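Student: Attaching a single structure in structure tokens format; questions to follow.
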Amino acid sequence: MIELNKPINFIQSIISSDLASGRVVEIVTRFPPEPNGYLHLGHAKSICLNFDLAAANGGRCNLRFDDTNPETESPDYVDAIIRDVQWLGYEWFGDVRYASDYFEQLFGWAQFLIRHEKAYVCELTSAQTREYRGTLTTGGRDSPYRYRPALESLELLDQMRSGQIDEGKMTLRARIDMQSPNINLRDPVLYRIKKYPHHRTGRVWSIYPSYDFAHGQEDALEGVTHSICTLEFAANRALYDWFIENLPVPSTPKQFEFGRLNVNYMVTSKRKLKKLVDDRIVDGWDDPRMPTLSGMRRRGVTARAIKNFCKSLAVAKTDGVVDIAQFEHFIRDDLNQHAKRGMCVIEPLKLSITNYSGDRVENLVIPCHPSRDDLGCRVVPFTASLWIERNDFSENQAFSRKKFKRLVLGDYVRLRGAYVVRADSVVRDANGMIVEIRASLVPGTVGKSPPDNIKPRGVIHWVSEQYSVDCCVNQYDRLFSHPLPESGAESFIKFINLNSLKVITGCKAEPELAKAQIGENFQFERIGYFCVDNRQKEDDDLVFNCTIGLRDTWSNTKQ
């Protein structure tokens, strides 16, 4: 049902009116991706909108692939899209559907239009077709083949289908209005010759329907009531309606458009994302820097965060750009609530506790989450030799406590979930670099306050040297350095951030993290949110991908 006290978007208002008036009895929507690439964040908004509107109104939503262009499509893309929709937690009605399921019916309807003198086979080249079409300010010209006899067009269409006509020699076009102010109605192409094997039908077909011809009829065959698409298809609506009105379709769907999701510092054109993959600028469609759902899943962004973000957005009749910080807020909010905690030292520096027995091991029990008892506790071994972050120590005793709340030579700090310790001295290598800190702990301070005369500067994380787990950490920055990489005349490639990936080896994690499952989310205390890379190999060191930092540092460092 519709949530109370939540603003109703304009499509829901239309649906409510259609149900109340009896125009429709059951709401049927569909998500119709073309399998020519992986789904991205922009698709997520459409997925959520279509599936949630159907569910909120007791209806159903179909998953249908628009597989009408075999040159750019593949089963790999189909499988990836199915995985992504399932990962988001949605279930479509019945079987997965395909435009290719309806090829025979669409061909029959093309013949119907010819017989009723509403379509003809045209022999203009693609360049000539564009020339005859006119412009946005001037009308078009009739093709010399516009009034070709129906019987002749039917015979030629059969030859096109059987592969007797070369590519580019002929097309089937609707006969509508070459003077229409809507350029989409100037005798649009219904079929093109493409002698290319289809991933489902093989070489059965030598012609393929255009998206505009196929889409509305597929909706009608499936009983779709509300065909929801993004604003770039608004001008195509008149053509959508023309086909529905001029064909003996079993139902009359209606098309509605909403503003697409654009996010700054992202590119969401599948063609451009494919270029990033093909040119090896990124490591595949699921590279964690990509805005694809597969890439975000590999990075550790949860389906819940994506859905919460999409549901927070206005469903409007205008396009706009959403600040990426808004999306990142939902990622942090979700992970803060649900991710288990753990400790990992990214740049290790040895900390030796001189007043703690060298062979002693103390198993400390630390909650997996500060406010969720249901996530349980973990055991973290404490030993005399530990690792801490190199940047968590300074010899500069003049550092104020307010500016540096970490370990300073001669001062105290608390180790997370463990003792208060004091840095007493340092050990240097031959080059003068600090390789070890020697410290002493304050007894009886695990879970308890130290004596009044001891005031720790702050809290730092740590792991046992003896029981730590070796791991690698992939840290990510935004893939583009410009907020609107597609906006100017220059290629979006120019704005690639060459420092968008940093691979850090030699990291040390607490032993519980060795049990982490692929895709499992963690907060590395004081650092950020991470997950195990889904390309993790069994014999390698653990690889963690950084999902996002604990707070937004981009706005402070990129001004």
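The values are calculated or read from the model by the stated rules, or taken from the named source; none is laboratory data. Please read all numbers here as calculations on a predicted model, not as lab measurements. Glycine gets a Cβ as well: all are built from the backbone with ideal geometry, and neighbour counts include every protein chain shown.
Student: Would you mind listing the strands (runs of 3 or more DSSP E) fully within region 162-234 where at least 3 residues are of a type in the set (A, V, I, L, M)?
Tutor: Per the criteria, 189-193.
Student: Name the strands (runs of 3 or more DSSP E) wholly within region 379-445 that hold at least 2 residues that are closer than 19 Å to LEU364 by Cβ and more than 45 Å from the chain's Cα centre (by Cα)?
Tutor: Hits in region 379-445: 434-442.
Student: Could I ask something else about it? Hey, any hits in region 117-133 for a residue that's surrounded by fewer than 16 Cβ atoms within 10 Å (Cβ to Cβ), under 37 Å from the mean Cα position of the chain (by Cα) and under 17 Å from PRO209 (Cα atoms)?
Tutor: yes
Student: How about region 297-311: which of its residues are at negative phi and out of contact with any helix residue (DSSP H, G or I) (no Cβ under 7 Å at 6 or more places or on another chain)?
Tutor: Answer for region 297-311, where residues must be at negative phi and out of contact with any helix residue (DSSP H, G or I) (no Cβ under 7 Å at 6 or more places or on another chain): ARG298, ARG299.
This table checks each residue for (1) in the same structural domain as LYS515 (by TED's automatic domain parsing); (2) touching a Ser or Thr at 6+ places or on another chain (Cβ under 6 Å); (3) in contact (Cβ under 8 Å) with a residue 40 or more places away in the chain; (4) charged (D, E, K, R).
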{"position": "VAL380", "(1), (2), (3), (4)": "no, no, yes, no"}
{"position": "ASN391", "(1), (2), (3), (4)": "no, no, yes, no"}
{"position": "GLY432", "(1), (2), (3), (4)": "no, no, no, no"}
{"position": "ARG438", "(1), (2), (3), (4)": "no, yes, yes, yes"}
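Student: Next question, about the same structure. Just the residues that are surrounded by fewer than 22 Cβ atoms within 10 Å (Cβ to Cβ) and not in a helix (DSSP H, G or I), please, taken from region 30-56.
Tutor: Of everything in region 30-56, those that are surrounded by fewer than 22 Cβ atoms within 10 Å (Cβ to Cβ) and not in a helix (DSSP H, G or I) turn out to be GLU34, ASN36.
Student: Could you tell me which of the residues VAL459, VAL420 is free of Cβ contacts under 8 Å to residues at least 40 places away in the same chain and not small (Gly, Ala, Ser)?
Tutor: None of the other options fit; the residue is VAL420.
Student: So, TYR77, is that one under 28 Å from ARG289 (Cα atoms), in a loop (DSSP other than H, G, I, E, B), in the same structural domain as ARG203 (by TED's automatic domain parsing) and not aliphatic (A, V, I, L, M) or not?
Tutor: For TYR77, the condition - under 28 Å from ARG289 (Cα atoms), in a loop (DSSP other than H, G, I, E, B), in the same structural domain as ARG203 (by TED's automatic domain parsing) and not aliphatic (A, V, I, L, M) - is not met.
Student: Let me ask something else. Do you know which residues across region 164-202 are over 33 Å from the mean Cα position of the chain (by Cα) and on the phi > 0 side of the Ramachandran plot?
Tutor: If the condition is that a residue be over 33 Å from the mean Cα position of the chain (by Cα) and on the phi > 0 side of the Ramachandran plot, then GLY168, ASP187 are the ones that fit.
Student: Within the set of pairs 6+ apart or on separate chains, which have a first residue in region 185-202 that is surrounded by fewer than 16 Cβ atoms within 10 Å (Cβ to Cβ), a second that is modelled with pLDDT of 95 or more and part of a loop (DSSP other than H, G, I, E, B), and C-beta atoms under 7 Å apart?
Tutor: Listed by first residue and then by second, the contacts come to LYS195/GLY163; LYS195/GLU167; LYS195/SER206; TYR196/PRO70; TYR196/GLU71; PRO197/PRO70; PRO197/ARG203.
Student: Name, by its number, the condition in (1) in contact with a helix residue (DSSP H, G or I) (Cβ under 7 Å, 6 or more places away or on another chain); (2) charged (D, E, K, R); (3) surrounded by 15 or more Cβ atoms within 10 Å (Cβ to Cβ); (4) touching a residue at least 60 places away in the same chain (Cβ under 8 Å) that does not hold for ASP319.
Tutor: (3)
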